[in-house]
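The structure appears right after this line, and notes come after that.
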């Protein structure tokens with residue numbers, strides 16, 4: 001009886017842990033199973049869409065996973081964490097600039113975000129990078145220039161960096177008041193243990209493959225990060241495929257037409273559920289602009305949708321605690337509306 005009583009809490013804890021690990025996979029499987037019963041063609045299309053999306057983002061994911069695992073195995077995370085000490089406002093600016101110019105998509109940058117937070121890097125600097133990254137990257141800049149124009153591409157880049165600086169500064173002020181002491185969810189990491197790396201840095205071992213323990217740490221980190229990303233991105237891409245299939249583009253077009261402040265506000269709010277992806281959204285906005293939509297509304301839609309798209313938002317939800325997620329969404333919407341308003345004022349004076 002005693003053995004059973006002692007084993008039961010451990011068994012329950014194990015079952016809870018397994019449930020937390022598998023519930024995202026189960027959700028994806030349940031959606032595909034339901035589609036297979038009620039809409040068989042869509043089930044095949046959603047599965048194919050998710051597979052293709054994962055393959056498309058694979059190069060970025062592999063690179064970022066490798067960097068995160070390498071940093072932990074070599075001890076280079078000590079150097080990275082140390083680089084983010086002091087001058088928080090400078091780090092916010094650099095984080096926003098890096099996010100606005102980096103080639104990482106919102107999904108590919110997630111392992112780096114988790115690693116930086118686990119190292120003890122302040123959430124303010126990480127948030128600046130996090131907010132700016134989904135909005136613009138080099139390939140997006142080129143495509144935006146081609147589909148819309150150079151002025152819009154430059155303005156969108158400025159909006160990305162500006163949103164990063166704004167969000168990072170707000171989080172910095174909140175942290176000074178005692179908020180976000182532990183931003184990551186349980187089991188992913190926390191700033192506390194990372195803080196020890198800054199206070200008592202250990203030597204870096206660049207040739208980590210010569211040490212069995214460090215090789216094992218590299219493999220374990222890479223595997224756990226890969227599985228974590230795979231389950232969340234699979235669900236995100238399945239949901240995105242359903243949005244593409246079930247939300248007609250004409251509906252979005254009709255909602256975002258018009259001029260004045262109301263279309264900018266509407267575009268900011270509609271951008272959250274209606275945003276398809278960065279590349280699909282550009283021709284949609286181009287068509288709306290040709291039909292007379294205010295440029296500011298187009299900018300607000302692209303900024304709000306980019307930061308709060310399903311893959312980006314689900315990645316934040318998977319990594320961060322609910323209060324961090326809420327601030328992320330609030331900053332995204334506020335910054336998107338401000339970006340649209342400022343761009344509207346700029347174009348009206350030009």
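Laboratory data are not the source of any read-out in this text; all were calculated from the coordinates shown. This structure is a prediction, so every number in the text was calculated from the model and none was measured. Counting neighbours? That spans all protein chains shown, and the Cβs are built from the backbone with ideal geometry, glycine included.
Under a crude label model (7 Å from the Cα following the beta-carbon direction), how far is residue 215 from residue 89 in nanometres?
The answer from the label model is 4.9 nm.
If each residue's Cβ is checked for other Cβ atoms within 10 Å, how do 317, 246, 232 rank with the fewest at the top?
Working: 317 17, 246 9, 232 21.
The order, fewest Cβ neighbours first, is 246, 317, 232.
What is the extension gain from residue 179 to residue 289, computed as 0.36 nm multiplied by their sequence separation minus the C-alpha to C-alpha distance, in nm to one decimal? Walk me through the intermediate numbers first.
On the way: separation 110, 0.36 × 110 = 39.60 nm, distance 4.12 nm.
My answer for the length gained is 35.5 nm.
Ranked highest first by average number of other Cβ atoms within 10 Å, how do 143-152, 175-184, 203-212, 87-96 line up?
Values: 143-152: 16.5, 175-184: 14.6, 203-212: 11.4, 87-96: 19.4.
For the peptides 143-152, 175-184, 203-212, 87-96, the packing ranking is 87-96, 143-152, 175-184, 203-212.
Among 299, 314, 174, 127, which comes first, second and so on when ranked by fewest other beta-carbon atoms within 10 Å? If you can, show how the numbers build up before the last one.
Values: 299 29, 314 22, 174 15, 127 32.
Going from sparsest to densest Cβ surroundings: 174, 314, 299, 127.
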